[in-house]
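*Asks:* I am attaching a structure below and will ask some questions about it afterwards.
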Amino acid sequence: MKKPVIELLAVGKTVASSADGNLGTLSILHDITFTVQAGESVAIVGASGSGKSTLLGLMAGLDLPTAGSVRLGGENLGLLDEDDRAALRGRVLGFVFQSFQLLPALNALENVMLPLELANKPDARALAEAMLNRVGLGARLTHYPKHLSGGEQQRVALARAFAMQPHLLLADEPTGNLDAATGAQVIELMFAMNAEAGTTLVLVTHDPQLAQRCGRTLRLASGRLVLDGR
């Protein structure tokens, strides 16, 4: 039997807090347990402040839980140091962010090439050009982010994520900064590319229509998992 792509067991997250001058702790996530199998598409939904983005960060190993464990590609993230977690992310994960997270000093081609070059891919330029052509930006290779629309920037971000052929794509509100029509186009492209690559997809969203596109929905309320359904 194949190992799950991502596995969370009794995960909790607390942070230091100061209220009314008194030091204490704030619980953000409580006893979260679920697994995601290869090829699944999963939406994480819930009100603002329910812990969605914190959960996504724990799944990526950008932060560590204060209780429980997270396994990414079979590796217990809590047993890895920061460098090893970063190396694992480079091998396994792709990211798409609400705010695009493109480097402003690099053009579209260079933004897509950068992670490929960091991974020592010998054909980084050709791969980057092919992915930008796939997202319809073959004529925008030398354009910098400030000269691209929001939809074009998010398409560059998709090209960058899929160029690395990730096992798991994490998307945090991928249409949050886009108007409805542009967001719909980006989502169609993301799901098409995801199907072509056979990537596992986990996305955080406030959009119920986007969540319905996924095969499964996880709903958080006050840091607790209240729904795990298909």
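*Asks:* Over 10 Å intervals from 0, what percent of Cα-Cα pairs in segment 133-230 sits in each interval?
*Replies:* With a bin width of 10 Å, the distribution comes to 14, 45, 31, 9, 2.
*Asks:* Can you give the Rg to Rh ratio of segment 78-139, both from alpha-carbon atoms, with Rh computed by the Kirkwood formula?
*Replies:* 1.02
*Asks:* Need one number: nm distance between label points at L106 and S222, each 7 Å from Cα along Cα→Cβ, rounded to one decimal.
*Replies:* Those two pseudo-labels are separated by 4.3 nm.
*Asks:* With every protein chain present, what is the per residue accessible area of segment 52-133 (1.4 Å probe, Å²)?
*Replies:* For segment 52-133, the solvent-accessible area averages 50 Å² per residue.
*Asks:* Quick check for me: using +1 on Lys/Arg Cβ and -1 on Asp/Glu Cβ, what's the dipole size of the chain about its Cα centre, in debye to the nearest 20?
*Replies:* Working: 20 positive and 22 negative charges, 82 e Å.
Here the size comes out at about 400 debye.
*Asks:* Continuing with this model, one more query. Where does each of 155-164, 214-223 land if you order them by average Cβ count within 10 Å, highest first?
*Replies:* Answer by packing, highest mean first, reads 155-164, 214-223.
*Asks:* With a ≥ b ≥ c taken as the square roots of the eigenvalues of the C-alpha gyration tensor of segment 53-101, please select rounded if a/c is under 1.5 and otherwise prolate if a/b is larger than b/c or oblate if it is not?
*Replies:* Oblate, since a/c reaches 1.5 and b/c is not below a/b.
*Asks:* At 0.36 nm per residue, minus the direct Cα-Cα distance, what do D179 and T35 gain on full extension? Give it in nm, one decimal, please.
*Replies:* That works out to 48.6 nm of additional length.
*Asks:* What angle do you read, to the nearest 10 degrees and between 0 and 90, between the alpha-carbon axis of helix 124-134 and the longest principal axis of the chain?
*Replies:* 90
*Asks:* So, one more: Please report how far the C-alpha centroid of segment 41-75 lies from that of segment 158-215, rounded to the nearest whole angstrom.
*Replies:* Going from one Cα centre to the other spans 17 Å.
*Asks:* For segment 94-115 and segment 129-143, what is the centre-to-centre distance using only Cα atoms, to the nearest Å?
*Replies:* Cα centroid to Cα centroid, the span is 13 Å.
*Asks:* Determine, from the Cβ-Cβ distance of A67 and D123 and an R0 of 45 Å, the FRET efficiency 1/(1 + (r/R0)^6), rounded to the nearest 0.05.
*Replies:* After rounding to 0.05, the efficiency reads 0.55.
*Asks:* Can you spot the lysines whose alpha carbon is less than 30 Å from K3's alpha carbon? Ignore those fewer than 8 places along the same chain.
*Replies:* Once the sequence-local lysines are set aside, what remains near K3 is K13, K52, K121.
*Asks:* How would you classify segment 34-74 from its alpha-carbon gyration tensor, with a ≥ b ≥ c the square roots of the eigenvalues: rounded for a/c under 1.5, else prolate if a/b is greater than b/c, otherwise oblate? Write down the numbers at each step before the final one.
*Replies:* Values: a/c = 2.17, a/b = 1.11, b/c = 1.96.
Oblate, because a/c is 1.5 or more while a/b does not exceed b/c.
*Asks:* Once both axes come from the Cα atoms, what is the angle between helix 82-92 and the longest principal axis of the chain, in degrees from 0 to 90, rounded to 10?
*Replies:* Once rounded, the angle reads 50 degrees.
*Asks:* Further question on the same structure: Using the alpha carbon gyration tensor of the chain, what are the three equivalent-ellipsoid semi-axes (square root of 5 times each eigenvalue), largest first, in whole Å?
*Replies:* Values: eigenvalues 179, 77, 66 Å².
Largest first, the chain gives 30, 20, 18 Å.
*Asks:* If packing is taken as the average number of other Cβ atoms within 10 Å across a peptide's residues, how do 32-43, 76-87 rank, most packed first?
*Replies:* For the peptides 32-43, 76-87, the packing ranking is 32-43, 76-87.
*Asks:* Here is a follow-up. Please report the orientation-averaged projected area of segment 155-205, defined via the convex hull of its C-alpha atoms, in nm². Walk me through the numbers on the way to the answer.
*Replies:* Working: hull surface 12.7 nm².
Spelled out: convex hull of the Cα atoms, projected over all directions, averaged, 3.2 nm².
*Asks:* Output the relative contact order of the chain, whole-number percent, from Cα pairs under 8 angstrom with separation of 6+ residues.
*Replies:* 28
*Asks:* Over segment 72-151, with every protein chain in place, what whole percent of the accessible area is carbon and sulfur at 1.4 Å, could you tell me? Could you put the intermediate results ahead of the total?
*Replies:* Working: 2270 of 4380 Å².
Heavy-atom surface of segment 72-151 belonging to carbon and sulfur, 1.4 Å probe: 52 percent.
*Asks:* Given an 8 Å cut-off on Cα distances and at least 6 residues of separation, report the relative contact order of segment 47-172 as a percent.
*Replies:* On the way: 145 pairs, mean separation 40.0, N = 126.
Here the relative contact order equals 32 percent.
*Asks:* Taking each pair of distinct Cα atoms in segment 59-180 once, what is the resulting Kirkwood hydrodynamic radius in Å?
*Replies:* By the Kirkwood definition, the hydrodynamic radius is 15.2 Å.
*Asks:* If one takes the longest principal axis of the Cα atoms in the chain, at what angle in degrees, from 0 to 90 and to the nearest 10, does the Cα axis of helix 180-197 lie?
*Replies:* The angle comes out near 90 degrees.
*Asks:* Report the one residue of G176, L106, G39 whose Cα lies farthest in the direction of the positive end of the charge dipole of the chain (charges on C-beta: Lys and Arg +1, Asp and Glu -1; origin at the Cα centre).
*Replies:* Of the options given, the answer is G39.
The values are calculated or read from the model by the stated rules, or taken from the named source; none is laboratory data. Computed from a predicted model, the values in this text were never measured in an experiment. Cβ coordinates were reconstructed from backbone atoms using ideal geometry, including for glycine residues, and neighbour counts include every protein chain displayed. The protein model used for the area step is the full one, side chains on, heavy atoms only, and it has no ligands, DNA or RNA in it. Shrake-Rupley method; radii C 1.70, N 1.55, O 1.52, S 1.80 Å.
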